[in-house]
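> Here you go, one structure.
The values are calculated or read from the model by the stated rules, or taken from the named source; none is laboratory data. As the structure is a prediction and not an experimental result, all values here were calculated from the model. Heads up, the Cβs are rebuilt from the backbone with ideal geometry, glycines too, and the neighbour counts pull from every protein chain shown.
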Amino acid sequence: MAETSVIPSSEQAGMLIEEDDAHRSFVERTPQWVLVLAFGVILVTFWQAAVDLSGVSPLVLPGPYEVLQDLIFTVTNLFSGGYVLDATIVTVVEVIFGFSLACVIGLTLGAIIGATEIGRKAIMPYVVAVNTMPKVAFAPLFVAWFGFGVESKIMMAAFISFFPVTINTAAGLGATSGDLLMLFRSLEAKRWQTLLKLQLPFALPYIFAGLKLAAVWSVIGVVVGEYMGGGEGIGELVRIAASQLRVGRVFAQILLLSMIGLSLFSLVSLVEAYFTKWKQRDNH
Amino acid sequence: MNQQPNVAGNTPAKPFLSLTRINKHYRGAREPVHAAKDVSFELERGQTASLVGASGCGKSTVLKMIAGLLRPSSGEIHLDGRRLTGPDKGVGIMFQQPTLLPWRTVTDNVLLPIEIRQGKAAAKLAAERAKSLIHMAGLTGFEEALPGELSGGMAQRAAVCRMLVNEPDLLLLDEPFGALDEFTREQMNVEFQRICSARKATAIVVTHSIQEAVFLSDVVFVMSPRPGRISKRIDIDLPRPRTPDMVTSSAFNEYVREIHHCLFVRNSEANHG
């Protein structure tokens with residue numbers, strides 16, 4: 001069309017500015033990975049300096065080198081099928097079940113709140129009220145209710161992480177523009193048509209934002225459950241290592257936990273990218 | 001071409017579209033708002049009417065009542081011999097925003113009304129009709145494009161196609177080109193009245209542009225606020241098809257002046273009252 005060629009779009013204008021290299025600052029010109037790496041080196045240097053200069057006992061704060069050794073030990077143990085692998089499997093299973101449960105509960109509850117009047121008016125206030133409670137404080141109760149096995153950890157993870165899914169699903173379903181709802185109404189769309197063809201696709205970015213939060217929070221839930229209720233997961237390993245003042249080991253195991261969270265987070269992001277392909281074509 | 005005289009002698013007794021003493025009250029924050037008061041008008045098949053007026057004069061309210069999106073507090077609306085009480089298959093609507101679904105291609109967006117009303121299978125069968133509409137609207141080559149890849153004017157063209165795909169008897173347009181730049185807007189107006197003439201479509205356009213109203217319409221209804229009512233009916237007796245150079249003709253500008261005067265005098269009266 002003629003109208004696209006006459007006036008350059010804002011993206012085209014943006015590209016013109018970026019091509020003007022002379023006016024870009026050092027930070028703008030350097031690739032991001034270099035910046036990330038450089039900042040990491042600075043952090044580690046400060047860490048080492050703090051340990052060396054303060055004279056704190058390595059039992060309390062080990063240096064980067066000690067932690068690296070513990071990390072290598074932990075990873076080696078993990079991949080050689082040692083006790084770290086056993087603990088990781090337990091924790092991963094707990095996280096997956098907890099997260100899945102949170103998804104089911106969160107999506108269902110969120111859909112009820114977002115798509116029905118009664119849900120929005122009667123149920124939403126309770127969800128908000130419970131959300132303001134420090135949910136970690138419920139951990140002892142969950143141990144009492146569901147025992148010292150994996151069940152209490154799964155329930156704790158689901159309990160902590162279904163909130164962001166619920167609230168984002170509800171908010172997403174309510175985020176459709178009034179004009180589009182009117183269009184669907186003028187087409188005499190059935191309730192389910194409006195929900196599936198209009199509201200749900202619009203809600204997907206919200207829902208996935210909630211799922212990503214839930215992915216991270218479910219790991220928190222599992223660890224809290226393991227701290228309180230023991231068991232055989234990584235949380236228990238952390239507790240034991242800490243009680244033995246093996247701080248480096250604790251750090252290494254925490255890194256392992258964050259890897260579990262990161263993996264789940266990435267998995268959710270991949271699924272999101274698949275479902276929102278149109279967005280990438282949109283913003284090219 | 002389709003010379004469209006105003007209410008010609010050979011029309012049947014019953015008008016194609018009639019609004020009879022339509023009233024609409026809203027519950028306002030303090031007192032009820034009388035958004036439409038005794039709005040009555042008739043339209044023959046093939047005519048284009050415009051509702052013009054300042055913001056808050058109830059023109060959009062009237063349009064939404066015809067579309068079945070709002071229920072009149074009192075009064076009746078008849079289209080082609082049947083009473084309208086809600087959304088109707090024979091009525092197509094478009095808004096100021098294109099309201100395309102961003103994850104659907106242009107073709108799938110155009111086919112949405114058929115998919116909603118008759119299902120996916122019927123939409124598939126209508127693909128050819130969608131293609132020819134898209135071609136007519138000058139969007140050839142963009143059939144598989146996503147709305148995000150279109151300019152504002154192109155997106156609004158796609159919305160026109162979507163409105164037409166069910167072959168509605170009555171087109172309702174709520175400030176359809178108001179969000180577009182002036183050049184695109186003029187171009188769209190020319191094309192829209194060409195489409196209307198070619199299909200002998202009956203259309204009601206809500207606008208706050210007097211030029212646009214005169215250019216598109218056979219009849220202009222000037223509305224005034226508080227309570228929203230039709231304060232003046234002006235028949236536009238300009239030949240069709242309308243061409244861009246008509247905008248500078250003296251006859252055209254006489255209509256513009258008349259409507260402008262209507263709006264301006266009413267407004268200043270209201271302000272003093």
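> What is the number of the single condition among (1) buried (at least 20 other Cβ atoms within 10 Å of the Cβ); (2) within 12 Å of another protein chain (Cβ to nearest Cβ) that residue B:161 does not meet?
For residue B:161, the failing item is (2).
> Does any residue of the range B:120-134 turn out to be at the interface with another protein chain (Cβ under 9 Å from one of its Cβ atoms) and of a type in the set (A, V, I, L, M, F, W, C)?
No - not one qualifying residue is present in the range B:120-134.
> Out of all the residues in the range A:24-46, is one or more at pLDDT 90 or above, under 30 Å from residue A:242 (Cα atoms) and touching a helix residue (DSSP H, G or I) at 6+ places or on another chain (Cβ under 6 Å)?
Looking for residues that are at pLDDT 90 or above, under 30 Å from residue A:242 (Cα atoms) and touching a helix residue (DSSP H, G or I) at 6+ places or on another chain (Cβ under 6 Å), one finds at least one in the range A:24-46, hence yes.
The rows are residues; the columns are (1) crowded, with 17+ Cβ neighbours inside 10 Å; (2) modelled with pLDDT of 90 or more; (3) of a type in the set (Val, Ile, Thr).
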site	(1), (2), (3)
B:127	no, yes, no
B:130	yes, yes, no
B:134	yes, yes, yes
B:146	yes, yes, no
B:167	no, no, no
B:170	yes, yes, no
B:186	yes, no, no
B:195	yes, no, yes
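> Would you please list the contacts, defined by Cβ atoms under 6 Å and residues six or more apart or on different chains, that run from a residue in the range A:167-191 that is within 14 Å of chain B (Cβ to nearest Cβ) to a residue that is in a loop (DSSP other than H, G, I, E, B) and of a type in the set (S, T, N, Q)?
So the pair list comes out as A:179/B:97; A:179/B:99; A:180/B:99; A:183/B:99.
> Moving on. Within the set of pairs 6+ apart or on separate chains, which have a first residue in the range A:92-108 that is in contact (Cβ under 8 Å) with a residue 24 or more places away in the chain, a second that is surrounded by fewer than 17 Cβ atoms within 10 Å (Cβ to Cβ) and among the basic types (Lys, Arg), and C-beta atoms under 8 Å apart?
none
> Of the residues A:164, A:140, which single one is more than 14 Å from chain B (Cβ to nearest Cβ), loosely packed, with under 15 Cβ neighbours inside 10 Å and in a helix (DSSP H, G or I)?
A:140
> Between B:98, B:87, which is farther than 20 Å from residue B:194 by Cβ and either more than 11 Å from every other protein chain (Cβ to nearest Cβ) or surrounded by 16 or more Cβ atoms within 10 Å (Cβ to Cβ) (or both)?
Among B:98, B:87, only B:87 is farther than 20 Å from residue B:194 by Cβ and either more than 11 Å from every other protein chain (Cβ to nearest Cβ) or surrounded by 16 or more Cβ atoms within 10 Å (Cβ to Cβ) (or both).
> Take residue A:209 and decide whether it is away from chain B (no Cβ under 14 Å), surrounded by fewer than 18 Cβ atoms within 10 Å (Cβ to Cβ), within 30 Å of residue A:263 (Cβ to Cβ) and in contact (Cβ under 8 Å) with a residue 24 or more places away in the chain.
When the stated conditions are applied, residue A:209 passes them.
> Across the range A:244-284, what is the total count of residues that are polar (S, T, N, Q) and on the phi > 0 side of the Ramachandran plot?
0
Rundown of residues vs (1) in contact with a Phe, Trp or Tyr (Cβ under 9 Å, 6 or more places away or on another chain); (2) at positive phi; (3) of a type in the set (D, E, K, R), yes/no style:
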{"position": "A:194", "(1), (2), (3)": "yes, no, no"}
{"position": "A:206", "(1), (2), (3)": "no, no, no"}
{"position": "A:218", "(1), (2), (3)": "yes, no, no"}
{"position": "A:226", "(1), (2), (3)": "no, no, yes"}
{"position": "A:233", "(1), (2), (3)": "no, no, no"}
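> Within the range B:16-91, considering only strands (runs of 3 or more DSSP E) that don't extend past its boundaries, which have at least 1 residues that are modelled with pLDDT under 90?
Passing ranges, in order: B:17-26, B:33-43.
> Out of A:216, A:224, A:250, which single residue is assigned to a helix (DSSP H, G or I), under 23 Å from residue A:138 (Cβ atoms) and free of Cβ contacts under 8 Å to residues at least 60 places away in the same chain? Don't jump to the end; show me each part of the working.
Details: A:224 fails: free of Cβ contacts under 8 Å to residues at least 60 places away in the same chain; A:250 fails: under 23 Å from residue A:138 (Cβ atoms).
Answer to the check: A:216.
> Tell me which residues, restricted to the range B:24-59, are crowded, with 22+ Cβ neighbours inside 10 Å and of a type in the set (Ser, Thr, Tyr).
B:48, B:50
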